[in-house]
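Each value in this text was obtained by applying a stated rule to the coordinates, not by laboratory testing. Keep in mind it's a predicted model, so treat the numbers as computed, not measured. Cβ coordinates were reconstructed from backbone atoms using ideal geometry, including for glycine residues, and neighbour counts include every protein chain displayed.
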Amino acid sequence: MTATAAAARPTVVLTDIEGTTSAISFVKDTLFPFARAALEDFLRRRGGEPAVAEQLAEVRRLQPGREVAEVLRGWMDEDAKVTPLKALQGMIWQEGYAAGRLQAHFYPDVVPALRSWSRSGVELCVYSSGSVEAQRLLFGHSEAGDLTPLFHGFFDTRVGAKRESESYRRIAAGLHRPAGEILFLSDVAEELDAAREAGMQCCQLVRAEDGTRPSGRHAEASSFPEVAARFGLPGAEMRNLT
Ligand SMILES: CSCCC(=O)C(=O)COP(=O)(O)O
Ligand SMILES: [Mg+2]
């Protein structure tokens, strides 16, 4: 029997948001309803701005002959990860953060671990269905302040869908790193399957608060310090503090 070589310590951590850094309930019960409630007023006020009009044109291209707001509401109902919807939601959230009506949620173990990984030279990146602009807003509005300087890269559905391995190959190529040096963190097994197919190391976040079911197909952790312990990253000692 040949021994399997142990995976090298990751040089990049690529993290999902919903169910991984932040509660699913924050996204589903705060962010999504905020965007839904503000949609029509937002379209009336800002629909003529070039950046908004560009996304509305993309909605019409994908769903010709239908009323734009109706299409967007339908996608919201399905939680469809469609790029123009995600871009428009991000623009609506921007107003909410700017008005102090939104503040991002992070699990308490996340920020100390991100700081510790960043300090030790690990490159931090995000891959979420939320637009890059929405990701920057979220990490820019934590209770601990602006976390965006900790991050090296942000990726959204413009690199492809999260359940397709090609998306992870594009991310690795964009970072100029072998996929095997990248650790992808997500609560969704199908996303982890795709990342593993592309050669990334993977860990499923199984957060009790989110009711995540362990898939049994990937390494598992219930917090970021537990991820640290499994993958040789700093911050494992914080397991006892959170
Ligand atoms: C930038 S936070 C909003 C996340 C979002 O819009 C979403 O659809 C959740 O996507 P994820 O890929 O983080 O599960
Ligand atoms: Mg997720």
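Numbers for the structure displayed
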quantity	calculated
Peptides ranked, highest mean first, by Cβ atoms within 10 Å: ranges 77-86, 59-68, 191-200, 111-120	191-200, 111-120, 77-86, 59-68
Inter-label distance, nm, simple model (7 Å from Cα along the C-beta direction), Tyr97/Arg44	2.6 nm
Rounded if a/c under 1.5, otherwise prolate or oblate - region 27-98, Cα gyration tensor axes	oblate
Cut-off 18 Å, label 7 Å out along Cα→Cβ of Arg115, residues of region 151-183 by amide N	151-152
Principal axes of the chain: Cα extent on each, largest first, Å	62, 37, 32
Rounded to the nearest 20 debye, dipole of region 4-50 from Cβ charges on Lys, Arg, Asp, Glu	80 debye
Protection proxy ranking, peptides 88-94, 152-158, 206-212, average beta carbon neighbours within 10 Å, highest first	88-94, 152-158, 206-212
Three-way shape label, region 202-242, alpha-carbon gyration tensor, a/c 1.5	oblate
Beta bridges per DSSP with both ends in the chain, % antiparallel, nearest 5	5 percent
Cβ-based net charge around Asp193, under 11 Å, with every Lys or Arg adding one and every Asp or Glu removing one	0
Cβ-defined net charge surrounding Glu181, 13 Å radius [Lys, Arg +1; Asp, Glu -1]	+1
Shape of region 95-207, Cα gyration tensor, a/c cut at 1.5	prolate
